[in-house]
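Structure first, then comments.
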Amino acid sequence: MDAAGSPSRRLTGTAGLTALTLSVVALGFALHTATGVPAPRTHTPTPTLVSAPGPGEPLPADLPATAPPAPQTTAPSGQSAAPSSPDPLRAWAHQRAASYNIPEQALYAYGHATTAIQAAQPNCHLGWTTLAAIAATESNHARFGGATISANGQVSPPIRGVPLDGTHGNATITAPAANGHSTYVRAEGPFQFLPDTWRRWGLAAATPNPQLTQVLSTGTRANGAANGSADNINDAALTAARYLCADNHDLATPAGWTSAILAYNHSTTYLEQIHTTANRYSATYTSGFAKPVAGVLTSGFGSRWGTFHHGIDLAAPIGTPIFAVTDGSVIDAGPAQGFGLWVRLRHPDGTVTVYGHVNTMNVTVGQHVTAGQQIATVGNRGDSTGPHLHFEVHPGGGNPVDPQTWLTAHGITYTNS
């Protein structure tokens with residue numbers, strides 16, 4: 001929620017090649033504009049969306065209850081490095097980060113926060129896609145202004161919103177400074193918390209149980225080290241999850257999801273943007289199937305220029321990641337006539353999928369892959385007139401069928417624009 005419940009204000013910026021908007025968010029507190037003192041959460045009748053976004057692909061089971069420290073690459077002098085137990089969530093984030101275009105450490109943070117809040121508040125039904133959509137809107141997943149995420153989740157350089165000095169339609173919010181004077185407040189971190197909001201709701205993701213579960217379950221204030229940092233994406237994601245699930249919101253329902261997002265930022269424009277972005281992440285992986293590439297359909301299946309086109313062409317820049325459409329095994333990865341290089345996968349039901357004209361390959365013959373795992377990059381090799389993925393589907397390993405029909409049956413669609 002923006003200061004004093006006003007409509008969202010945006011700071012337009014650029015991170016890499018992505019234009020983004022950085023909101024100034026008070027996370028559900030109505031702020032007195034003169035002092036910045038938080039008032040109690042308020043609830044205003046608002047329009048309800050017709051559906052809540054999908055929760056996204058299932059997260060791995062049996063996750064650790066708290067975020068483990070960053071992996072130790074070297075042991076202290078004279079000591080052997082202690083073996084670390086596998087963390088299935090870190091493996092999931094490593095495998096899926098490219099397909100979602102989300103930094104691996106950020107995707108891990110969203111997954112960990114979702115898992116922790118589900119354990120403490122199972123009736124909230126928060127999906128990781130909602131956290132991802134908020135972070136995408138607020139800071140381009142902690143990439144705003146060239147920021148990066150360290151192995152322990154710390155974001156550097158710190159991300160700050162505009163000073164809330166009353167200009168450009170923003171509220172005036174001040175806080176005492178070290179010199180005894182007042183200073184204008186800025187929203188902080190990848191989820192853009194105001195400092196007063198963080199002091200009330202902030203929670204370190206590495207807080208040990210049972211304290212972590214107690215704080216998440218009861219809504220009590222975390223103090224000291226347990227208060228965490230708004231500039232740590234693990235802490236910020238968990239705190240956002242905690243806030244969204246407050247007031248017994250059920251985010252599996254349209255009304256519950258709408259109320260939670262509008263408590264975060266009381267703007268229907270913001271609500272619609274988060275809804276659209278969360279749905280996009282949900283659609284990337286549908287019931288065990290993933291889009292093979294983020295591309296545009298340029299040529300369909302069937303007769304073309306006096307020949308028969310056995311697949312579809314999906315245009316994308318050279319180097320764009322290509323993903324396994326579903327689980328399978330690599331049966332070819334190398335040179336192929338007409339394609340330059342290709343990858344072929346055989347799936348459990350015998351279907352074979354073909355990925356042609358690739359630039360580089362990330363897999364080898366015999367390797368098992370899972371849906372959404374990167375297997376190659378888009379290229380322009382072989383008989384190709386421009387960079388694209390040529391994608392084919394052969395049920396039972398036999399004659400090809402129209403990939404568009406097959407993909408649509410699994411919840412995946414492409415358009416020519």
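The alpha carbons of region 253-319 give a radius of gyration and a Dmax of 18.9, 59 Å, in that order.
With viscosity 0.890 mPa s and temperature 25 °C, the Kirkwood radius over alpha carbon pairs of region 88-282 converts through Stokes-Einstein to a diffusion coefficient of 144 µm²/s.
Amide H contacts under 5 Å for residue 322: 375, 376, 377, 378, restricted to partners 5 or more places along the chain or on a different chain, H placed in the peptide plane at 1.01 Å from N. The residues neighbouring residue 52, those whose beta-carbon lies less than 14 Å from its own, together hold a net charge of -2 under the Lys/Arg +1, Asp/Glu -1 convention. Per-residue Karplus couplings for region 291-307, computed as 6.51 cos²θ - 1.76 cosθ + 1.60 with θ equal to phi - 60°, are listed in order as 4, x, 6, 8, x, 10, 5, 10, 8, x, 7, x, 4, 7, 6, x, 10 Hz, Gly and Pro entered as x.
In sequence order, region 380-395 has phi-based couplings of 9, 7, x, 7, 9, 9, x, x, 6, 9, 8, 10, 10, 10, 10, x Hz under the Karplus curve 6.51 cos²θ - 1.76 cosθ + 1.60, θ = phi - 60°, and Gly or Pro positions carry x.
Residue-wise HN-Hα couplings along region 260-265, as the Karplus relation 6.51 cos²θ - 1.76 cosθ + 1.60 with θ = phi - 60° gives them from phi, are 5, 5, 6, 5, 6, 8 Hz; Gly and Pro carry x. In percent, what relative contact order does region 296-410 have, based on Cα pairs under 8 Å that are 6 or more apart in sequence? Once normalised by length, the contact order is 30 percent. Taking amide hydrogens as placed 1.01 Å from N in the peptide plane, the amide H of residue 332 sits under 5 Å from those of 344, each at least 5 positions away in sequence or on another chain. Pair-distance distribution of region 281-377: all C-alpha pairs, bin width 5 Å, starting at 0; shares per bin in whole percent are 3, 13, 22, 25, 22, 11, 4, 1. Put the Cα centre of region 356-407 next to the Cα centre of region 147-223 and the gap is 44 Å. Among 358, 296, a tally of other beta-carbon atoms within 10 Å of each Cβ gives an order, fewest to most, of 296, 358.
Every number in this text was worked out from the coordinates using simple rules, so none of it is lab data. Since we're looking at a predicted model, the values are computed, not measured. FYI the Cβ positions are ideal-geometry reconstructions off the backbone, even for glycines, and counts take in every protein chain you see.
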